[in-house]
Structures are given as C-alpha cells and as structure tokens.
Amino acid sequence: MKFDDFNLKKELLEAINSAGFKEPSPIQKEAIPKILDGDDLIAQAHTGTGKTAAFGLPILNMLKKDQNAEALIIVPTRELATQVSDEIYRFGKFLGVKTSTIYGGSSYERQIKNFKNSNVVVATPGRLIDLLKSKKIELSPRFVVLDEADEMLDMGFLDDIKEIFSLLKNKEHQTLMFSATMPKPIKELANQILKNPTTIKITQNNITNSNIKQNFYVVKENQRDDALVRLIDFKDPKKAIVFCRTRKESDRIANMLNSKGYNASSLHGDMSQREREEVMRGFRKGDIEILIATDVAARGLDVNDITHVFNYHIPFNSESYVHRIGRTARGGKEGVAISIVTPDEFNALNKIQKSVGSKLEAKEVPTIDDVYSKQQQNFIEEIKSKPTNQKAYELVQKLIEDENLNEKEVAIKLASMLLKNNKIKGANEIGLNLNEIEKLIKNSHKANKRRAKRRRKR
C-alpha cells in the first residue's frame with residue numbers, strides 16, 4: 001500500500017514525499033481509512049508506530065479551515081505538544097494550515113493570540129482546562145484526538161479529560177483515542193466519550209519496530225559505568241539516549257560522560273521548562289550528542305535521527321521498554337537498542353522478552369582492542385571518503401622537501417595526530433562472555449522450572 005491509495009489531497013501527498021515517508025506503517029494503513037470514513041476510533045499502538053500521521057493526515061485532509069480550532073489534539077506533556085504541533089504543521093504546510101500549542105509554563109497571552117489564528121490546537125489537559133473554565137477561550141472542534149491516553153491516566157489527568165469534554169461547545173465531534181495499553185479506566189473513558197467506535201490493535205508481533213536491533217550485555221553491578229562508556233566508544237552513536245531510573249542518577253551519568261569528553265546532558269522532571277527546552281534544542285541541533293533521561297522526562301520525546309538507545313538499567317515493565325526503544329528507528333531508519341543488565345535482573349529481562357514478543361541478542365562488552373580496531377576502520381573509511389585539495393598537497397610536499405621526510409613518515413605522523421586523543425580507558429574485559437551468559441540463561445530456565453513445579457504442588 002502507498003499513501004496515494006488513501007486519495008489524500010495533492011498538497012498532503014507533496015508534504016508526505018518531502019518528509020521522506022515511503023509507505024504507511026501498520027497503524028496508518030488501518031486507521032487512516034476509518035478516520036476518513038468519519039468513524040470514532042480506539043487505536044492501541046505504541047510510541048514510534050507513526051500515530052501522529054495516522055490521525056494527522058486524515059484530519060488535515062478533511063479540514064474546511066472555515067472556523068477557528070477545527071481540530072483539538074490533547075496530549076500528556078509539553079514536549080509532546082510541541083512535537084505533535086510541529087509534525088502537523090509539517091504535513092499541512094502546503095495546505096496553509098496553522099497550528100498552536102497550549103501548555104503550562106508559557107505565556108497565556110501569546111498562547112491565546114496564537115489559538116485565535118489556528119486551525120489545529122495541540123494542548124495539555126492542565127492549561128487547557130484552565131483556559132476553558134476561565135472562559136478565556138471557547139472550543140467547538142469537529143475533531144478531537146486523545147493521544148497517549150494511558151500516559152494521561154498515569155499522570156492523573158483522567159478527571160480533567162472528562163471535564164474538558166463537558167466544556168466543548170460542539171458535542172458532535174469525531175473522537176479518536178490512541179493508547180499504548182488499555183487499562184480498565186481508559187476503557188471506561190472510551191465508553192463515555194466515543195460513539196460506536198472502531199477498534200484497532202497492533203498485534204504482539206508489531207509491538208517493537210523490526211528496524212531496531214536489540215542487544216543486551218551482562219555485567220556486575222559495579223561495572224555499569226565502565227560498560228556504558230565502552231559501548232559508547234565502540235558504537236560511536238551519532239545521537240543517543242541513555243535511560244536511567246532517577247533524577248540523581250541522570251545527573252551523575254551526564255557529569256561522568258562529560259568528564260570523559262562526551263557532549264552529554266541530563267533531562268528530568270525537576271528541571272524548569274526553560275531548561276528542558278534548552279536541552280532539547282541542543283539535542284535536536286546536535287550540540288548535545290547523548291541525552292541522559294528518566295522515563296518521566298522522556299514521555300512524548302520524539303526526535304527523528306536518534307541512532308542508539310541505551311538502557312543503563314532494565315526498565316520495570318515491558319511498556320516502558322517499548323516506549324524507550326521506540327525513540328530510535330523512526331521514519332523507516334534503522335536503530336540499535338542496548339540493555340545493560342546484571343545476573344539479578346535476568347528474570348526481568350526474560351519477562352520483557354516474552355511480553356514484547358521479540359528476542360534480545362546476548363553480546364559481549366567489547367575489549368579495548370575491539371574498540372581500537374573499530375576506530376581504526378572508522379578512520380580508514382573517513383580518510384578514503386575525504387576529498388583532497390591543493391593546500392593539503394602543498395603541505396605534504398613541504399614536509400617532504402623542507403623537513404626531509406618521506407611519504408610514509410608523513411602519513412604515519414599525520415595518523416598519529418589523528419589517533420592521539422583516542423585513549424581507551426578502563427579494564428580490557430568487562431562483564432560476562434558469551435559462554436558465561438549461556439550458562440546464566442540455562443540456570444535461569446532451570447530455576448524458573450523449579451519455581452513453576454513448586455507452584456503446581458501448592
């Protein structure tokens with residue numbers, strides 16, 4: 001299936017092509033026709049599956065642009081509000097569609113002014129309900145989207161969502177709900193606010209993106225830092241996120257990586273909105289190579305060119321794992337997800353593998369020699385790809401003629417300059433080798449069988 005098959009407006013197809021999208025994702029294939037038919041929709045799909053385009057493209061196709069705020073998209077976080085607004089604007093740019101965002105921590109006046117000139121409004125529940133109850137704005141949307149509904153439940157927004165729907169002037173809107181999971185309160189909410197909805201569920205096999213290579217490395221607890229640094233040295237990520245569990249840990253890891261020469265920054269819930277926006281701006285521009293984030297801070301985080309995701313600790317549940325690794329391999333690109341685990345965390349790892357339906361491949365943490373070999377190959381590829389210029393030729397000639405060096409000596413000295421700052425620190429061998437990991441896997445299976453046998457006897 002191609003995007004042409006949806007009979008979308010030519011301006012939308014032009015924007016899709018310019019964004020580099022080749023073919024619709026599974027959620028887009030199923031959701032777009034139903035939304036275009038006017039159905040209310042419940043779509044169960046995880047982050048990274050193309051949800052924004054799944055609801056954004058059909059809504060943009062149906063906008064009349066004859067009223068203010070024709071579409072309302074409610075999201076759990078400020079970051080997601082900005083990202084969804086940017087993506088809707090990108091898809092609607094050739095249609096002349098205007099978007100606005102409403103969220104806390106920013107100027108009321110500016111948001112109200114932008115709202116009055118927008119076709120699509122993307123809002124977080126807190127600030128939106130504040131503006132509606134104070135009658136600073138009124139909303140009569142034709143389309144309402146609840147994005148990441150389960151996240152809004154986790155953040156305590158469910159009552160706010162119900163009140164927002166009671167305050168909307170137009171009760172005949174088409175309502176679309178997107179959620180990674182469907183706990184009972186979300187099902188009950190859906191029964192209250194949707195009319196005869198169509199339900200779409202991405203199957204277990206589609207939960208994790210097939211373009212993500214998933215690996216795990218087994219280390220001792222006191223080797224986590226060394227393993228992370230060694231893996232970053234070896235993988236050489238262009239843009240990466242390291243997930244950890246606490247604000248304190250994210251700051252410590254960021255400081256540790258910066259002390260070793262990386263451009264790293266932490267992102268957590270205790271930061272001000274200005275600080276968060278500054279960090280995200282630097283990460284998107286490439287000034288920050290590695291973002292150290294907690295799960296809460298990374299909710300809704302959407303950056304297209306993330307090459308690697310590192311789990312400094314394995315997450316507590318499969319939903320968090322899927323959300324984390326879904327930050328890479330966006331837009332048809334390939335990505336790598338790396339989990340650092342200890343033997344004590346093996347049961348948690350097995351549960352995640354079983355839940356998400358994909359196998360994580362065991363790997364050995366690279367040795368110092370492995371890193372040197374990889375860096376050497378990278379240098380070779382970089383040197384081969386570099387174009388030559390006249391000034392470089394003149395410099396080499398000068399070294400040969402004036403300094404009495406031969407060509408081989410010049411090459412060795414230049415290579416030495418390139419390599420001088422690439423000292424690999426830490427122990428040569430970190431963590432368990434593949435044979436040890438295999439034994440650990442077998443022992444884990446035996447222990448699980450013994451536990452299951454004991455449970456049956458009870």
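The values are calculated or read from the model by the stated rules, or taken from the named source; none is laboratory data. Quantities reported herein were computed from a predicted structural model and do not represent experimental measurements. Note: ideal-geometry Cβ built from the backbone for every residue, glycine included; neighbour counts use all protein chains shown.
Out of curiosity, is Ala427 at pLDDT 85 or above and outside any helix (DSSP H, G or I)?
Answer is yes for this residue.
If I filter the range 153-169 for residues that are buried (at least 20 other Cβ atoms within 10 Å of the Cβ), modelled with pLDDT of 95 or more and within 23 Å of Val97 (Cα to Cα), do I get at least one hit?
Scanning the range 153-169, I find no residue that is buried (at least 20 other Cβ atoms within 10 Å of the Cβ), modelled with pLDDT of 95 or more and within 23 Å of Val97 (Cα to Cα), so the answer is no.
Provide a single number: the residues in the range 180-233 that are within 18 Å of the chain's Cα centre (by Cα) and at pLDDT 90 or above.
Going through the range 180-233 one residue at a time, the tally reaches 4.
Go through Lys64, Lys51 for me and flag whichever is of a type outside the set (Gly, Ala, Ser), assigned by TED's automatic domain parsing to the domain that holds Val97 and within 21 Å of Asp305 (Cα to Cα).
Values: Lys64 fails: within 21 Å of Asp305 (Cα to Cα).
It is Lys51.
If Asn191 passes every condition in (1) out of contact with any Phe, Trp or Tyr (no Cβ under 8 Å at 6 or more places or on another chain); (2) more than 26 Å from Pro58 (Cα to Cα) but one, which one does it miss?
Answer for Asn191: the failing condition is (2).
Sort out which residues of the range 247-289 are over 19 Å from the mean Cα position of the chain (by Cα), aliphatic (A, V, I, L, M) and either over 30 Å from Ser107 (Cβ atoms) or not assigned by TED's automatic domain parsing to the domain that holds Arg230 (or both), and write them in order of number.
Those that are over 19 Å from the mean Cα position of the chain (by Cα), aliphatic (A, V, I, L, M) and either over 30 Å from Ser107 (Cβ atoms) or not assigned by TED's automatic domain parsing to the domain that holds Arg230 (or both): Ile253, Met256, Leu257.
Which helices (runs of 4 or more DSSP H) sit wholly inside the range 1-79 and have at least 2 residues that are under 30 Å from Ser272 (Cα atoms) and either under 25 Å from the mean Cα position of the chain (by Cα) or of a type in the set (Asp, Glu) (or both)? Lay out the reasoning, then the answer.
Values: elements: 10-18, 26-36, 51-62.
Ranges flagged: 51-62.
Ser107 fails exactly one of the following numbered conditions: (1) modelled with pLDDT under 95; (2) more than 22 Å from the chain's Cα centre (by Cα); (3) buried (at least 21 other Cβ atoms within 10 Å of the Cβ); (4) among the small types (Gly, Ala, Ser). What is the number of that condition?
Status for Ser107: all satisfied but (3).
What is the residue count in the range 227-275 for residues that are surrounded by fewer than 19 Cβ atoms within 10 Å (Cβ to Cβ) and either touching a Leu at 6+ places or on another chain (Cβ under 7 Å) or among the polar types (S, T, N, Q) (or both)?
7
Taking Val121 as meeting all but one of (1) surrounded by fewer than 21 Cβ atoms within 10 Å (Cβ to Cβ); (2) at pLDDT 95 or above, write down the number of the exception.
Condition (1) is where Val121 drops out.
Scan the helices (runs of 4 or more DSSP H) fully inside the range 113-167 and keep the ones with 3 or more residues being touching a residue at least 40 places away in the same chain (Cβ under 8 Å). Can you show your working first?
Details: elements: 125-133, 149-154, 158-167.
By residue number, 149-154.
Going through the range 240-280 one residue at a time, which ones are within 23 Å of Gly326 (Cα to Cα) and of a type in the set (A, V, I, L, M, F, W, C)?
Correct list: Ala240, Ile241, Val242, Phe243, Cys244, Ile253, Ala254, Ala264, Leu267, Val279, Met280.
Under 6 Å between Cβ atoms, which residue pairs at least 6 apart in sequence (or on different chains) link something in the range 260-278 that is under 12 Å from Ala293 (Cα atoms) with a partner that is in a loop (DSSP other than H, G, I, E, B) and not β-branched (Val, Ile, Thr)?
Leu267/Ala297; His268/Ala297; Gly269/Ala297
Could you check the range 128-152 and list, in sequence order, the residues that are surrounded by fewer than 22 Cβ atoms within 10 Å (Cβ to Cβ), touching a helix residue (DSSP H, G or I) at 6+ places or on another chain (Cβ under 7 Å) and of a type in the set (Asp, Glu)?
Of everything in the range 128-152, just one residue is surrounded by fewer than 22 Cβ atoms within 10 Å (Cβ to Cβ), touching a helix residue (DSSP H, G or I) at 6+ places or on another chain (Cβ under 7 Å) and of a type in the set (Asp, Glu), namely Asp150.
Could you list, ordered by first residue, the pairs with Cβ atoms under 9 Å in which the first is in the range 349-362 and surrounded by 14 or more Cβ atoms within 10 Å (Cβ to Cβ) and the second is at pLDDT below 75 and of a type in the set (Ser, Thr, Tyr), at least 6 apart or interchain?
Lys351/Ser318; Ile352/Ser318; Gln353/Ser318; Ser355/Ser318; Val356/Thr208; Val356/Ser318; Ser358/Thr208
For residues that are surrounded by 12 or more Cβ atoms within 10 Å (Cβ to Cβ) and either basic (Lys, Arg) or closer than 15 Å to Ile383 by Cα (or both), tally how many sit in the range 399-411.
Number of matching residues: 2.
When residues of the range 347-384 are filtered for being out of contact with any Asp or Glu (no Cβ under 7 Å at 6 or more places or on another chain), at pLDDT 85 or above and of a type outside the set (Ser, Thr, Tyr), how many remain?
Of the range 347-384, the ones out of contact with any Asp or Glu (no Cβ under 7 Å at 6 or more places or on another chain) are 347-366, 368-370, 372-377, 379-384.
So of that shortlist, the ones also at pLDDT 85 or above come out as 349, 360-366, 368-370, 372-377, 379-384.
Adding the requirement that they be of a type outside the set (Ser, Thr, Tyr) leaves 349, 360-366, 368-370, 374-377, 379-384.
Count: 21.
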